[in-house]
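J.: First the structure, then my questions, so here it is.
Only the coordinates and a few stated rules stand behind these numbers; no lab work does. Values in this document were obtained by computation on a predicted structure and should not be read as measured data. Cβ atoms come from the backbone with ideal geometry, glycine included; neighbour counts cover every protein chain shown.
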């Protein structure tokens, strides 16, 4: 082998080592970026999950309050209805008693 050929082989080896080093560095950089992006996605997902949970809780509280108000309104109507029936029954009983007394 000639000296020139040995130089070419050594240069090729050096170039090959350089390519391998660059490839390893790029792979490391890609992994770091992927980890960072993954961490950001996890954080964003957690934040969105919390926001959705808060909104869901507020909606449930609002819906529950509406139901309570509706039930309260219905209970008040029934209470007034019963009060009116009670008065009507009392008036009838009073009329019956007065008729008995006056006869």
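J.: R0 = 35 Å: FRET efficiency of residue 57 with residue 97, Cβ-based, nearest 0.05?
T.: 0.05
J.: Additional query: Kindly provide the helix-only [θ] at 222 nm of the chain, computed as the sum of -39,500 (n - 2.57) over DSSP H runs of four or more divided by all residues, to the nearest 500 deg cm²/dmol?
T.: Value at 222 nm, helices only, nearest 500: -37500 deg cm²/dmol.
J.: Here's another thing I want to ask about it. Can you tell me how the range 20-80 classifies by the Cα gyration tensor, rounded, prolate or oblate, using a/c under 1.5 as the rounded cut?
T.: Because a/c hits 1.5 or more and a/b exceeds b/c, the range 20-80 counts as prolate.
J.: Match the structure shown to one of the listed values [x] 21.7, 81; [y] 14.6, 51; [z] 43.8, 149 of Rg and Dmax of the Cα atoms in Å, computed from it, and give that label.
T.: Checked against the structure: label [z].
J.: With r defined as the distance between the Cβ atoms of residue 24 and residue 48 and R0 fixed at 35 Å, what FRET efficiency is calculated, to the nearest 0.05?
T.: 0.45
J.: Pairing the Cα long axis of helix 3-102 with the longest principal axis of the chain, what angle in degrees results, from 0 to 90 and rounded to the nearest 10?
T.: Once rounded, one gets 0 degrees.
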